[in-house]
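**Q** So that we are looking at the same thing, I have put the structure below in structure tokens.
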Amino acid sequence: VLGVERNASQREIQKAFHKLSLQYHPDKNKSKGAQEKFAEINNAYDILSDEDKRKNFDLYGDEKGNPGFNAGNTGDQGGYTYFTNGGPGHSGFTFRPDEWQNMGGQGSPGSFSFSFGGSGGQRSFGFGLDDIFSNFFGGGMGGGGQSGGFSSSTRSQSGSRSVRKSIRAVNSQVYKKEISDKGMTWLIFSYTPTLKGTQYYEPIIEEVANSLEGALKAGIINCETELSFCNDLGVYPRRAPRVFVYSYRSSDSGSLVEYNGDLAVKNLKTFCQEHLPRFSKRTDLSNFDFSSGIGETLPKVMLLSKKKDTPVIWHVLSGLYHNRFAFFDAGVHDVSDPKVRRLGVDALPAVVGWLTNGEKHILKTGISVKDIKSAVQDLSALLEGFEKKNKKAASSQAKKAQSESGDKQIPLLTGSNFEALCRETAPVCIIGAFRSAKARDKLERILSAVSQKSLSRRQNLAVGSGDSISYALLDASKYAAFLNSFDKSGFKSIDKPLIAYKPRKGKYAAFIGDVTMEEVERFISLVLNGDIKFTKTQKRPTLK
């Protein structure tokens with residue numbers, strides 16, 4: 001059957017088995033007789049790879065497998081009969097070719113039973129398709145001791161199939177509580193008990209999940225019992241089980257992406273890795289703003305490593321803590337790099353963090369990784385601790401700011417206070433225009449935080465000395481004519497335009513990008529340092 005000599009070595013037997021298994025695997029070979037041939041190949045390997053069974057075969061059989069290994073005598077039943085010793089009438093089992101996918105009897109679907117007769121009574125054993133494929137896939141379906149693919153039957157006699165412990169049974173409640181937008185990537189396959197070939201999927205799913213343990217979880221959906229749930233998700237299988245990855249690759253929200261490649265561990269693992277969370281921003285230390293941080297809503301964490309791409313572990317953490325940290329990662333050569341030394345890092349890989357008050361912390365250097373799972377756990381504990389430190393620092397800063405500012409807020413520009421806030425003696429008046437309540441809240445929060453930070457000159461919230469900056473808010477929906485004084489379009493296409501106005505010179509500069517704490521700080525710094533171009537206003541701005 002395997003095409004090897006009678007005195008073939010185990011290496012030669014194994015090589016022949018793998019070659020023929022790939023050639024006749026039912027998923028690859030759809031020709032008539034391929035399944036039967038595949039069964040012969042696995043059974044032959046099961047015997048020849050076990051020294052005791054091989055001796056029995058040599059003792060009782062011949063090169064054609066008679067009488068101990070009947071490879072082609074279908075008999076009156078139209079099936080194949082295999083024997084491990086003694087020949088027909090002794091210890092054997094029989095199945096028909098058309099029973100391949102559903103070898104019924106005492107076992108569950110996908111398995112069959114056979115009996116050893118004798119004066120001591122019958123002993124029933126179970127033998128599943130997953131056991132047949134155990135050598136090919138690198139492990140059988142069930143637990144317990146096995147010998148060459150045979151195992152004592154521990155399966156339910158009711159015919160229901162058991163799910164591997166590492167694969168989570170998924171229903172609508174589990175999906176909502178553990179999968180949907182929880183930051184973790186899941187490998188999920190859907191099936192119905194009547195579908196053929198399900199037994200091929202579980203070993204592959206489990207092996208991929210085990211190889212990426214800590215980065216990935218595996219789930220299985222029985223669409224016979226979860227019909228409406230499968231239809232709602234769009235995962236109902238028609239002709240064969242289907243495989244999906246709950247992915248964060250294309251957006252902040254997760255979504256199911258179907259895998260349509262070959263059912264092979266390497267290919268499926270690569271597909272899963274491609275769909276891990278992508279919330280960490282790959283950055284160049286030369287362009288990273290180390291001074292930013294004050295007033296940011298989230299603390300920042302950066303991974304420094306020699307990797308050319310973002311490491312798997314950092315992808316995982318960026319998903320789990322997506323709404324709690326701003327993630328960055330950078331590839332560096334070594335700690336002698338001036339940019340690395342500037343951060344105070346003495347060993348790689350390293351994690352550096354910035355609190356929302358701008359304070360930098362070296363969280364960990366010289367990180368060693370045993371496996372993905374333990375690394376994710378260790379770094380999660382590190383991030384949890386840093387988050388607590390940030391909350392404590394933010395609370396302290398808020399109390400201090402409230403005490404120093406006397407609960408002052410950014411004033412709203414009106415016709416009555418415009419001259420006082422943006423008078424000609426003030427060098428610069430920073431005006432944040434809004435068109436919605438949400439935009440106003442964001443502008444006020446950012447400008448309030450920036451106004452309390454020392455940039456290159458002393459700043460006050462409103463009226464101050466001659467070298468002060470004044471800050472104000474403007475309702476753009478009420479004072480469109482005021483904005484038209486600066487620009488003909490009145491910045492109508494921009495939700496939150498930010499204007500730096502110099503009353504004495506009648507000039508202005510506008511920031512029309514994404515309004516974040518970091519960008520607003522940079523804009524105001526450029527204004528104060530004279531590093532930004534100012535334009536003459538269309539006419540003198542007034543509020544009526």
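**Q** Can you order the peptides 502-514, 347-359 by their average number of other Cβ atoms within 10 Å per residue, highest first?
**A** 347-359, 502-514
**Q** In nm, what is the difference between 0.36 nm times the number of residues separating residue 19 and residue 380 and their Cα-Cα distance?
**A** 125.5 nm
**Q** With the cut-off at 1.5 for a/c, could you classify segment 226-320 from its C-alpha gyration tensor as rounded, prolate or oblate?
**A** Oblate, since a/c reaches 1.5 and b/c is not below a/b.
**Q** Anything over 26 Å Cα to Cα? Flag those among 28/53; 307/373; 269/360; 300/438, in the order listed.
**A** Numbers: 28/53 29 Å; 307/373 19 Å; 269/360 37 Å; 300/438 24 Å.
Pairs exceeding 26 Å: 28/53; 269/360.
**Q** Next question, about the same structure. How would segment 472-518 be classified by its alpha-carbon gyration tensor: rounded, prolate or oblate, with rounded meaning a/c under 1.5 and the a/b versus b/c comparison settling the rest?
**A** Oblate is the answer for segment 472-518, as a/c is 1.5 or above yet b/c matches or exceeds a/b.
**Q** Order these peptides, 216-222, 515-521, 227-233, by their mean beta-carbon neighbour count within 10 angstrom, highest first.
**A** Ranking, from highest mean packing down: 216-222, 515-521, 227-233.
**Q** Further question: State whether segment 466-544 is rounded, prolate or oblate according to the following rule on the C-alpha gyration tensor (a ≥ b ≥ c being the square roots of its eigenvalues): a/c under 1.5 gives rounded; otherwise a/b larger than b/c gives prolate, and the remaining case gives oblate.
**A** Cα axes put segment 466-544 in the oblate bin.
**Q** Tell me the carbon and sulfur percent of the accessible area for segment 177-312, rounded to whole percent, probe radius 1.4 Å.
**A** The C+S portion of the solvent-accessible surface of segment 177-312 is 43 percent.
The values are calculated or read from the model by the stated rules, or taken from the named source; none is laboratory data. Since the model is a prediction, treat every value here as computed from it, not as a measurement. When we count neighbours, we look across all protein chains shown, and the Cβ atoms used for this are built from the backbone with ideal geometry, even at glycine. Please note that ligands, DNA and RNA were not included when accessible areas were found on the heavy atoms of the full protein model with its side chains. Shrake-Rupley method; radii C 1.70, N 1.55, O 1.52, S 1.80 Å.
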